[in-house]
Amino acid sequence: MKFNNGNRGLSPIFVIVFTVFIDITGYGIIIPLLPFYANEFQAGPTALGILIASFAIMQFFFSPLLGKTSDKMGRKPILLVSLLISFIGFTIFSFANSYIMLLFSRIVAGIATERAVAQAYIADITDHKTRTKEMGKIGAALGAGFIIGPAMGGMLSTYGFSIAGYAAMILTSINILFVFLFLPEPQRNKEKTIESSGYLQGLRDSLRKPLLGPTLLILFIVTLAFSTIPVIVPLLSVEFFSFDSLQLSYVFIYIGLIQIVMQGFLINSLSKRLGEEKLIALGPILMATGIILMPIFRNVAIFFLANSLLAAGFGLINTAIPAFLSKRTSLDGQGSILGIAGSVASIANIPGPLIIGLIYEIAGSFVPFFISAVMLATAFLIGCRVYSACKFIK
């Protein structure tokens, strides 16, 4: 793969992975602070739900839009624009003096969609043999960012929420400079495709395709099920083991570490041995096994084993599905299909946290986990159909 300019001695893979890591670290700084920041403006649980949902809704619309635009205008310019939008969102967050301002900061932040563009960049510079491995590094960067970001946010928030926002602004500024100076624009071969249609038409076309549609449905179901984890796992850990906030942070750090190991080190060999189509089926069944074990046994060792299965399965899906979609999409449609995948995942993140807490409160600890396990078992069955279809095509 050739590039339009020199990369100043740095690997483009390293630059794009580092960019994603810094971006997610900034995001991770902010997310744990939202409930406490919103509380300063007397915002209740519903208002907090709106804050979280607003980001996902904007991602749903803008992830495919920016991904598609990057197919036409280039990855680097759109990545820079997206990072600039993130910087603006963090700036508004830092100076927010009302709930409306805080909400506006999340709406602006939701417009940015670095992950889809980064995945499309990886698709541009890799072949089918190496793509899953390199996309796994994106997943590992996400996991690392979600570990370091919340830890930084928690420490900095003791000096005020604005300080944490300033830190996110500084990180994003560094990211903008890093991309501008060191990330080359790949030269992509153009192909004629039907990807030139609008977003809604592109989404409909993708859902109708024999392999892409079911795969996007799996992504939606798995993401919806996993979006309940930040609600039901803390509730269960307090109910079963009386974990405090520090002990609970260790649980999420552990989940992040498992995802780093899976996506950063194991995914390449698993992909070569099994293929993405098998991993797409394996991921949901690992998650379903883990999530159904949690409420059954009041044992800390089994609790962490269940979280291991859950994190490993989600790590498989997070890498295998983008690689699978990418390999079955034309060269000039990479940003479009990965943007669509990002929007599907974003919309799936909205209802889970808003509904599952209420179910937990009304029905007890087992029912929410059972519901999530049933969804994941459904995704597994769809994954089996995708695998069978791939065998038939081969």
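Summed over segment 377-391, residues that are among the small types (Gly, Ala, Ser) and open to solvent by 30 Å² or more (accessible area, probe 1.4 Å) total 3. Contact annotation: residue pairs with Cβ atoms under 7 Å, 6 or more positions apart or on different chains, pairing a residue in segment 43-68 that is under 20 Å from TYR27 (Cα atoms) with a partner that is modelled with pLDDT of 80 or more and open to solvent by 60 Å² or more (accessible area, probe 1.4 Å), are ALA56/ASN349. Does segment 327-338 contain any residue that is under 28 Å from LEU236 (Cβ atoms), touching a helix residue (DSSP H, G or I) at 6+ places or on another chain (Cβ under 6 Å) and in contact (Cβ under 8 Å) with a residue 12 or more places away in the chain? No - not one qualifying residue is present in segment 327-338.
For segment 227-241, state whether one or more residues are open to solvent by less than 60 Å² (accessible area, probe 1.4 Å) and under 17 Å from LEU142 (Cβ atoms). Checked segment 227-241: at least one residue is open to solvent by less than 60 Å² (accessible area, probe 1.4 Å) and under 17 Å from LEU142 (Cβ atoms).
So is VAL179 in contact with a Pro (Cβ under 6 Å, 6 or more places away or on another chain), at pLDDT 90 or above and farther than 30 Å from SER98 by Cα or not? Taking the combined requirement at face value, the residue does not satisfy it. Among the conditions (1) surrounded by fewer than 16 Cβ atoms within 10 Å (Cβ to Cβ); (2) under 28 Å from CYS390 (Cβ atoms); (3) without any contact (Cβ under 8 Å) to a residue 40 or more places away in the chain, the only one that ASP205 does not satisfy is (1). Within segment 38-62, being surrounded by 15 or more Cβ atoms within 10 Å (Cβ to Cβ) and at pLDDT below 85 holds for ALA38, ALA43, ALA47, LEU48, GLY49, ILE50, LEU51, ILE52, ALA53, ALA56, PHE60.
Scanning segment 144-170 for residues that are touching a helix residue (DSSP H, G or I) at 6+ places or on another chain (Cβ under 8 Å), surrounded by fewer than 24 Cβ atoms within 10 Å (Cβ to Cβ) and not polar (S, T, N, Q) yields a total of 15. Being basic (Lys, Arg) and closer than 16 Å to ALA38 by Cα is a property that ARG106 has. Just so you know, in segment 354-376 the residues that are assigned to a helix (DSSP H, G or I) and open to solvent by less than 40 Å² (accessible area, probe 1.4 Å) include one that is modelled with the lowest pLDDT, and it is GLY357. Among the residues of this structure, ARG273 does not count as one that is in contact (Cβ under 8 Å) with a residue 60 or more places away in the chain, open to solvent by 10 Å² or more (accessible area, probe 1.4 Å) and of a type in the set (D, E, K, R). Screening GLY290 with (1) surrounded by fewer than 18 Cβ atoms within 10 Å (Cβ to Cβ); (2) over 30 Å from GLY67 (Cβ atoms) gives one miss only, at (1).
Consider segment 327-349 and keep the residues that are within 9 Å of PRO64 (Cβ to Cβ) and hydroxyl-bearing (Ser, Thr, Tyr). The one that is nearest to the chain's Cα centre (by Cα) is SER343.
The values are calculated or read from the model by the stated rules, or taken from the named source; none is laboratory data. Since this is a predicted model, take the numbers as computed values, not measurements. Note: ideal-geometry Cβ built from the backbone for every residue, glycine included; neighbour counts use all protein chains shown. These area figures cover heavy atoms from the full protein model, side chains too; ligands, DNA and RNA do not enter into them. Shrake-Rupley method; radii C 1.70, N 1.55, O 1.52, S 1.80 Å.
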